[in-house]
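What follows is calculated from the coordinates using simple rules that are stated; it is not laboratory data. Fair warning: this is a prediction, and the values are worked out from it, not measured in the lab. Here Cβ is always computed from backbone atoms with ideal geometry, including for glycine, and neighbour counts include all displayed protein chains.
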Amino acid sequence: MSTSSVEQFKYQPEKIQAGAVYHYIKSNLDGSSPARVYIRVRDVLNLDVWKFEVHQYDAAYVTAHMDWNSFSADQIQSWVVTPDKHRREQAKLTSSYADKSFSMSWREQTETIQIGHYPVHVYNFDFISLNFILRHWCEPQGETEIGVIQPIFDSNMAGVIKYEGRVTLKYLEDEQRNGHPCRRYSVGGEGLQNQYGSAWLDRDLMHIVDMEIPIPDNPAWNSFRFALVSIRFMDEQAWIQFLDREIQKLGSVQE
């Protein structure tokens, strides 16, 4: 039976700034293996995400469609982009809130699983969809729960996706983090292998300023940190020009 914390959220479209581009650095807790992540708010429903790792051989491009009934992303699609701008589809996830299910197509397999708790978020997506629902949280000085799902990276295991369990976000205190006035939360529970970390959210705007969790969301890392670098605004033309410049750099850095 699925449980829910959706009632703790209220959709507030005025808190979504179309054209905002959030620049984060994803890394291990010690700062190693940094990757640049750019998240652009296309409109109140859609996010465009680009990730450029240090190796600069290719880039990851992900789109996410937000469902403001479940306060979760109900469609996530990803591609690998090469220096010639060729896109190779990597994975596609779709959710049915009515059926409390999530489907994933990856590695020539498709699997549908049942979700134990909503809102639900993909840890491997760097909790980006979680990042964009927290500004709609009605009681940000309390606590809430989310469900967590994760791809199955081990090709020797059956299936391609699993529901990990629930994670609790609990307000601890107000404090400064990286020059920002923030609210600090503990983040952890069954959905994160019973490990706990911290998240610092901008006190007024409620986006993630910093997040540190001791387990990785991808086998290429050994832990997870997601630190805000900047926020700026780009119209569609400026965004495309920015991405063109970044893609042109791919393949220019060798091991």
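I need the peptides 203-212, 121-130 ranked by packing, meaning the mean over residues of other C-beta atoms within 10 angstrom, with the highest value on top.
Highest mean packing first, the order is 121-130, 203-212.
Counting other beta carbons within 10 Å of each Cβ, put 80, 49 in order, fewest first.
Lowest to highest Cβ neighbour count: 80, 49.
In units of 2.2 N^0.38 Å, what is the alpha-carbon radius of gyration of region 97-230?
1.08
Provide the net charge surrounding residue 153, with neighbours chosen by a C-beta distance below 12 Å and charges set as Lys +1, Arg +1, Asp -1, Glu -1.
0
Could you work out how far apart the two model spin labels at residue 240 and residue 101 are, taking each label as a point 7 Å from the Cα in the direction of the beta carbon, and quote it in nm?
Using points 7 Å along Cα→Cβ, the separation is 3.8 nm.
Could you please report the charge total around residue 234, scoring K, R as +1 and D, E as -1 over all other residues with beta-carbon less than 13 angstrom from its beta-carbon?
-1
Tell me which aspartates and glutamates have Cα within less than 14 Å of residue 85's Cα, excluding those fewer than 8 residues away on the same chain?
58, 244, 246
About the Cα centre, and with charges only on the beta carbon of Lys, Arg (+1) and Asp, Glu (-1), how big is the dipole of region 96-206? Nearest 20 debye, please.
40
Tell me which of 150, 211, 86 sits at the most positive position along the dipole axis of region 17-248, charges placed on C-beta atoms (Lys, Arg +1; Asp, Glu -1).
86
Can you say what percent of the DSSP beta bridges in region 99-149, counting only those with both residues inside, are antiparallel? Round to 5.
65
Please report the base-10 log of the normalised intensity I(q)/I(0) for the chain, using a Debye sum with one equal scatterer per alpha carbon and no solvent, at each q in 0.09, 0.11 (1/Å).
Per q value, in the given order, log10 I(q)/I(0) is -0.37, -0.57.
Per DSSP helix of 4 or more residues, -39500 (n - 2.57); summed, then divided by the residues of the chain. What does that give at 222 nm, rounded to the nearest 500?
Computed ellipticity for the chain at 222 nm equals -2000 deg cm²/dmol.
Holding the Cα-Cα limit at 26 Å, pick out from 51/170; 15/170; 26/100; 92/162 the pairs that are longer than that.
Where the Cα-Cα span goes over 26 Å, the pairs concerned are 51/170; 26/100.
Of the DSSP beta bridges with both residues in region 17-248, give the percent that are antiparallel, rounding to the nearest 5.
That works out to approximately 95 percent antiparallel.
Given the Cα-Cα distance of residue 218 and residue 92 and 0.36 nm per residue of separation, how much length would full extension add, in nm?
43.7 nm
Hey, how much of the P(r) for region 157-198 falls beyond 12 Å, as a percent of Cα pairs?
Pairs farther apart than 12 Å: 67 percent.
Radius of gyration and Dmax for region 213-255's Cα atoms, expressed in Å?
Rg, Dmax (Cα atoms, Å): 15.2, 38.
Mind ordering 181-191, 167-177 by average Cβ neighbours within 10 Å, highest first?
Descending packing order for the listed peptides: 181-191, 167-177.
Find which of 63, 133, 116 sits farthest along the positive direction of the dipole of region 1-140, computed with +1 on the beta-carbon of Lys and Arg, -1 on that of Asp and Glu, about the Cα centre.
About the Cα centre, the residue reaching furthest to the positive side is 63.
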